[in-house]
4 protein chains.
Amino acid sequence: MKQILLMDGPDHKGLIYQVTHVLYNHNQNIISQDEYVSPSGQFFMRTEFEGEGNPKSILDDLTATLPAGLNLRLNPKKKKDVVLFVTKEHHCLGELLIRYAFDELDATIQAVISNYNVLQPLVSKFGIPFHFISHEHKTREEHEEAILRTLEIYQPEYLVLAKYMRVLTSDFVKHYPNRIVNIHHSFLPAFIGANPYRQAYDRGVKIIGATAHFVNDNLDEGPIIAQDVKEVDHRLTAFDMATLGKDTEKSVLSKALKLVFNDRVFIHGNRTIIL
Amino acid sequence: MKQILLMDGPDHKGLIYQVTHVLYNHNQNIISQDEYVSPSGQFFMRTEFEGEGNPKSILDDLTATLPAGLNLRLNPKKKKDVVLFVTKEHHCLGELLIRYAFDELDATIQAVISNYNVLQPLVSKFGIPFHFISHEHKTREEHEEAILRTLEIYQPEYLVLAKYMRVLTSDFVKHYPNRIVNIHHSFLPAFIGANPYRQAYDRGVKIIGATAHFVNDNLDEGPIIAQDVKEVDHRLTAFDMATLGKDTEKSVLSKALKLVFNDRVFIHGNRTIIL
Amino acid sequence: MKQILLMDGPDHKGLIYQVTHVLYNHNQNIISQDEYVSPSGQFFMRTEFEGEGNPKSILDDLTATLPAGLNLRLNPKKKKDVVLFVTKEHHCLGELLIRYAFDELDATIQAVISNYNVLQPLVSKFGIPFHFISHEHKTREEHEEAILRTLEIYQPEYLVLAKYMRVLTSDFVKHYPNRIVNIHHSFLPAFIGANPYRQAYDRGVKIIGATAHFVNDNLDEGPIIAQDVKEVDHRLTAFDMATLGKDTEKSVLSKALKLVFNDRVFIHGNRTIIL
Amino acid sequence: MKQILLMDGPDHKGLIYQVTHVLYNHNQNIISQDEYVSPSGQFFMRTEFEGEGNPKSILDDLTATLPAGLNLRLNPKKKKDVVLFVTKEHHCLGELLIRYAFDELDATIQAVISNYNVLQPLVSKFGIPFHFISHEHKTREEHEEAILRTLEIYQPEYLVLAKYMRVLTSDFVKHYPNRIVNIHHSFLPAFIGANPYRQAYDRGVKIIGATAHFVNDNLDEGPIIAQDVKEVDHRLTAFDMATLGKDTEKSVLSKALKLVFNDRVFIHGNRTIIL
C-alpha cells in the first residue's frame, strides 16, 4: 500500500538525507517528495512511497534517526471519512454529492448534518444519512452537544462546512483541531460579516472571490487553503454577484478538499504550506 | 471631429429616444452608444458620434429637450493632459513612459512631480519635465502649496499617482475632484495600511491584487476603476509577492487610465459605472 | 410580461431612434438596451422592455417603421424548453441537473437522451425522462431518425450536447439550426480530434480550456459562445488534466447556456455577438 | 557562493539520497530542492545549496557516486548574459529594458540586434549597444552569418527573440541549442501563421493568449515555457485584440525569462519541466 509521510519542524542540515536513507534501507520506493523550508527556518516535507515492509517499523526507525522536535505522521494513502454540515444553500452540497456519487471526492461522505431540513430531499437522492438537528429552542451549547453526539456515531476524520451558517464555539472546534474546513463567501479578509455581496456591490468592486480555510477560534480567520476570484462589473446586481460567488465557492471548496484529503496541507501559524 | 456625450441622472421614460432624436436632427452618426440604469433608477449613457455641425448647438438642443436634473457633458474625443506623481518606485512610471513614447497612452504626459529625485534619470530619458519637490523641511500644507504652483503651469486634466507615497489632504483633493487616479498595492479593501505584502504573507493568502481608484477624502477608499489579481503560494516570500504585486499594479493602472482617458468612467456614490 | 426584442441587419442612421420611438408610442418602459455595430457595418440590438400593450402590434409597428432587410424577433422573457444529450460522462449533466433542481437554469429540462444507459440512475434521481437510444446495430441515419422521433414528443427549443460523444450529421443539424449547443473538451481551435488531453500533455501546454459553441456542419467549429481556461503544469498527468478540464467544461457550458437561454447571443458568420 | 545543481535522466531508487549524501559530506547546506519523476520514469531535480568547498570537487564526487546515464550540471547562481533580437515592435523590448535598468531581469543585456533601425532610439536611451543588421540585399544565410559574427563579440548564454519577426534557420538554431527563447503572438498551438489576431477575430474567440517557448527546428513549436490568456469579447476589433495581446506577450515573456535565467527549466522531448 502507498504511504504518505508528513514531517515538519525546525530545519536541520541533512534531514532529507536522513529520511531518504531510512526509506532506502527499508527498500521503499519514493513516488514523490516535496519539501519547503520557510524563511524563518521551518522545514516541511511530504513523501509518498511504496514497497514491502512494515509502516510501523519504518516510522519507528525514522523517529529514532531524526532529531527530536520534529512532527512525524505516517498515513496510508486512502479516502478520508467526512461529515458535511449545511444550512439552506445547495450549491456546495450539490457539487460534493455529484463528485461523491462518481467516486471523485477522495472521501466517503458518512452523513450530512443540518440545522434546517430543506436540503434533506437532495441528500436522500444519494442515499446518504441526513441529520436534521434544529438549533431552535436550544442554547448554542445544547445544539453543539446534540451535533457532537451524532458525530460520535461516525467518528469522521474531517468536518466540511459546506455553507453552514452558524458560528461554532471554541469548545466545539477543539474537538476537531485543524480538521474543520469552511468555505467563506466573498474575498477574505475583505468584507467580514453579514451580507458580503451587498457590501461588495456598494463598494463597486470589480472582483469577487471565495476562500476555503480551516476553522479556528476566530470566525472566518483560520489558515487559508484555497482562493479564487471572478471578474464582475457594475451591471451585476448584488444578486448576480451572489450567484457568481456561489459558483466560485463550490469550485474553491472542491479544490481545497482535494488538497486536504490527499494530505497535502500543512498548517504553520496562520498560514498553510501546500506540498 | 468625434464627440463623446456623457449623461447621467434620474431615469425617465424616453431618454434614449430624446437623445437619439436630437442627434438625428443634427445629422450626426452614432458610432457607439452604451447605457446603464441602476437598480435604484439612476441613468448613465455614453454616446460617441460624429458628423458636420456645431457641438455647442447640439449640446444646447439636448439641454433644452431633456428633463431638468440630468448631468450632461460633451467632450471632443482627444488625448487628455496629465501630470504624473511618483516617489521612488519605477514600475508604474516605466510602463507609462514606454506607452507614452510610442503613443499608446491616450494622454500627453506634461510633467512628472516627485518628492524624491531618484526617478529623474528615467524621466529625463524621455524628454519630459521632472519637478523634484521635496517634502522635507516643509509642512504638509507648504508642500502641497508648492505642488499646486507647479500644476498651475500645466493645467492638467488628470493627476495620476503612479506610486506616490504621500497622503493628499482634503484641501488638495478638492482642486481636482474626481480627477486624481491612484494605484493601490494589494487587494483593496483588504490590508489597508502599511506593508500590505507583509500582511498578506503573514496571512498566507493565495491571491494578491491591485486596485486603481479615484482619490477622495478617504485614503485608498475612492471609487474603484479596475482591479486584478495573481495567484500566489506559500513558496513566495513577502519580497516575491511584492514583485508580483508590482507587475499587477502597473497593468491595472494602465487599464484604468485607458478607461478614464477615453471618458468611459462615471462615478456614482462610491461606485464606478464603466461604459 | 417582459419582452425581449432582438434585431440585427445592416446598420442605418437612426435605427435606435426609430425603435425607441415605437416603444415610446406604445408606452413601453425600456429595462435595458444594448447594441453593437460591427466594423463591417452590421447592427445588433437587444432591448428588454415591459408595459401594457400587445406584443404583436408592437412588432407590426416596428416592422412597418424600420428599413427592410432587418431581422426582427420579439420573445417573451421565459424559460426555454431543452433536451440534453449525453454519453457516459456525468460532470456536465450533474451540474445542469443540480441547477435545474433548484431553479437556476433558466430552462426546463424536458428529457435526457443518451446512446448509453450508464447515466440513467443519475437522471432518474431528478425525475426527468431518460431515453436510452443505443446506436448499436443501427446506421447513423437510423440512429438519428430514432432520436428525431423522440424529440418530436418534446418539441424542444434547444438541444444541449452535455458531453455527447457522437458526431451529428448535417441533416440532423438542419432540424435545429443555431439551436444546438455543444461543449468541447480542450481549447478550441487547438487539438481538434481524439484524445485532446493526451495531445495537450504531450505538447506540455501550461494552460488548458474548454469551449462552448453552437453546432454547425463542421464538427467543433461552430460559433463560440464562451471559453475559459485553467493553468496547468508539468506535474499534472494527462488524467489530472482531463479532470481539471472537466471542471472547466461544466462551468463554461453553464455560462454559455445562461447567455443563450436569456436571448443574449447573436450569430454572425462564424462569430457570436453577446449583448 | 550559491550553486545550482541540475540533474536529469532515468530514475533509480536512491537518487535523492545519494545526492543529499554527497552534499552532506561536503558540508553544504541545501537551500531548496525540487524534483519530479515523469510517468515514463524520467527523473528531474534542481538543488540550490551553499557552503564552503570546491564546486568542482562536489561535482566530481556526484559524478562518481551517481549511476551513469544521468545528465549533471552545476552552475553558480548568477546573472545570465543575453542578447535581445527585435524587429519593429517595442512592447516586449520596452518591458525588458525597464526591468534591466532597475536590476530586475536576472540577466545582463549585452546588446540588441535588429533587422530594422526603428527601435534604435529607445535602446540608446538605456546605453546598450544596438546592432542594425538589415536583411535587405542579403540571402538568409548571409544575414544570419552577419548576426553570428556580431554574437561572437558577446558570447551570450541566451538569445531572446523579443518580437523578432524572422524565421531562424535550422543551422542558426544549432549554434544555440535550447538557448533561444521566443514569444509567440496568439495562443499556441492555435492560429499558427500570419496575422493571428485577424484569424482570432474572424473566429470570434473569447480568449486570446501568448506563449513563450524555446526555439527548435519547427517554427513556433519548441517546448512551451509559459502561457497566459486574457478574456476578450466581440466588441474588440482585431486591432484591440492585438493591443491586448501585446500586453500579454510582454508579461508572459518576462515570466518565462525569469524561470530560464534562474535555471528552473528542464527540457524533455517537446515538454518543459519547471522546478
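The values are calculated or read from the model by the stated rules, or taken from the named source; none is laboratory data. Fair warning: this is a prediction, and the values are worked out from it, not measured in the lab. Heads up, the Cβs are rebuilt from the backbone with ideal geometry, glycines too, and the neighbour counts pull from every protein chain shown. The protein model used for the area step is the full one, side chains on, heavy atoms only, and it has no ligands, DNA or RNA in it. Shrake-Rupley method; radii C 1.70, N 1.55, O 1.52, S 1.80 Å.
Points worth noting:
This table checks each residue for (1) assigned by TED's automatic domain parsing to the domain that holds A:Leu253; (2) of a type outside the set (Gly, Ala, Ser); (3) within 25 Å of A:Asn216 (Cβ to Cβ); (4) touching a strand residue (DSSP E or B) at 6+ places or on another chain (Cβ under 6 Å).
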{"site": "A:Asp103", "(1), (2), (3), (4)": "yes, yes, no, no"}
{"site": "A:Leu119", "(1), (2), (3), (4)": "yes, yes, no, yes"}
{"site": "A:His143", "(1), (2), (3), (4)": "yes, yes, yes, no"}
{"site": "A:Arg166", "(1), (2), (3), (4)": "yes, yes, yes, no"}
{"site": "A:Thr169", "(1), (2), (3), (4)": "yes, yes, yes, no"}
{"site": "A:Arg179", "(1), (2), (3), (4)": "yes, yes, yes, yes"}
{"site": "A:Asn182", "(1), (2), (3), (4)": "yes, yes, yes, yes"}
{"site": "A:His185", "(1), (2), (3), (4)": "yes, yes, yes, no"}
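- Filter result for B:Ile208 (under 30 Å from B:Leu5 (Cα atoms) and touching a residue at least 40 places away in the same chain (Cβ under 8 Å)): no
- Number of residues in segment B:122-133 that are in contact with a Ser or Thr (Cβ under 9 Å, 6 or more places away or on another chain) and away from chain D (no Cβ under 14 Å) equals 4.
- Number of positions in segment D:67-99 that are open to solvent by 50 Å² or more (accessible area, probe 1.4 Å), in a strand (DSSP E or B) and basic (Lys, Arg): 1
- Where a residue in segment A:162-176 is polar (S, T, N, Q) and its partner, wherever it lies, is outside any helix (DSSP H, G or I) and modelled with pLDDT under 95, with Cβ under 7 Å and at least six apart: A:Ser170/A:Asp217
- Selected residue (criterion: nearest to D:Ser32 (Cα to Cα)) from residues of segment D:224-275 that are touching a residue at least 60 places away in the same chain (Cβ under 8 Å) and facing chain C (nearest Cβ under 10 Å): D:Leu275
- Here B:Ile274 meets the list (1) under 22 Å from D:Phe102 (Cβ atoms); (2) in contact with a Leu (Cβ under 7 Å, 6 or more places away or on another chain) almost entirely, failing just condition (1).
- Filtered by the rule that a residue be touching a strand residue (DSSP E or B) at 6+ places or on another chain (Cβ under 8 Å), open to solvent by less than 20 Å² (accessible area, probe 1.4 Å) and in contact (Cβ under 8 Å) with a residue 24 or more places away in the chain, segment D:9-33 gives D:Gly9, D:Leu15, D:Ile16, D:Val19, D:Leu23, D:Gln28.
- Scanning segment B:1-58 for residues that are at the interface with chain C (Cβ under 9 Å from one of its Cβ atoms), under 25 Å from the mean Cα position of the chain (by Cα) and among the small types (Gly, Ala, Ser) returns a single hit, B:Ser32.
- Among (1) open to solvent by less than 20 Å² (accessible area, probe 1.4 Å); (2) at pLDDT 90 or above; (3) facing another protein chain (nearest Cβ under 9 Å); (4) over 22 Å from C:Asp247 (Cβ atoms), the one test that A:Ile180 misses: (3)
- Checking each residue in segment A:123-134 for being in a helix (DSSP H, G or I) and either touching a strand residue (DSSP E or B) at 6+ places or on another chain (Cβ under 9 Å) or touching a residue at least 60 places away in the same chain (Cβ under 8 Å) (or both) picks out A:Val123, A:Ser124.
- The residues of segment C:236-275 that are more than 25 Å from C:Ala107 (Cβ to Cβ) and of a type in the set (Asp, Glu) amount to a single one, C:Asp240.
- Considered as a group, the residues in segment C:194-207 that are at the interface with another protein chain (Cβ under 10 Å from one of its Cβ atoms) and of a type in the set (A, V, I, L, M, F, W, C) include one that is surrounded by the fewest Cβ atoms within 10 Å (Cβ to Cβ), and that residue is C:Ile207.
- Options A:Ser114, A:Ser57; residue that is modelled with pLDDT of 95 or more, out of contact with any helix residue (DSSP H, G or I) (no Cβ under 7 Å at 6 or more places or on another chain), buried (at least 21 other Cβ atoms within 10 Å of the Cβ) and polar (S, T, N, Q): A:Ser114
- Checking each residue in segment A:135-150 for being surrounded by fewer than 18 Cβ atoms within 10 Å (Cβ to Cβ) and in contact (Cβ under 8 Å) with a residue 12 or more places away in the chain picks out A:His135, A:Arg140, A:Glu141, A:Ala146, A:Leu148, A:Thr150.
- Selection from segment A:80-111 of residues that are touching a helix residue (DSSP H, G or I) at 6+ places or on another chain (Cβ under 6 Å), within 14 Å of another protein chain (Cβ to nearest Cβ) and among the aliphatic types (A, V, I, L, M): A:Val86, A:Ile98, A:Leu105
- Segment B:208-223, subset open to solvent by less than 10 Å² (accessible area, probe 1.4 Å) and not small (Gly, Ala, Ser), residue nearest to the other protein chains (Cβ to nearest Cβ): B:Pro223
- Residue pairs meeting the criteria (Cβ under 7 Å; at least 6 apart or on separate chains; first modelled with pLDDT under 95, in segment D:80-97; second aromatic (Phe, Trp, Tyr) and surrounded by fewer than 24 Cβ atoms within 10 Å (Cβ to Cβ)): none
- Flag if A:Lys56 is within 30 Å of C:Leu93 (Cβ to Cβ) and of a type in the set (Lys, Arg): no
- Test for A:Leu151: is it away from chain C (no Cβ under 14 Å) and farther than 29 Å from C:Leu244 by Cα: yes
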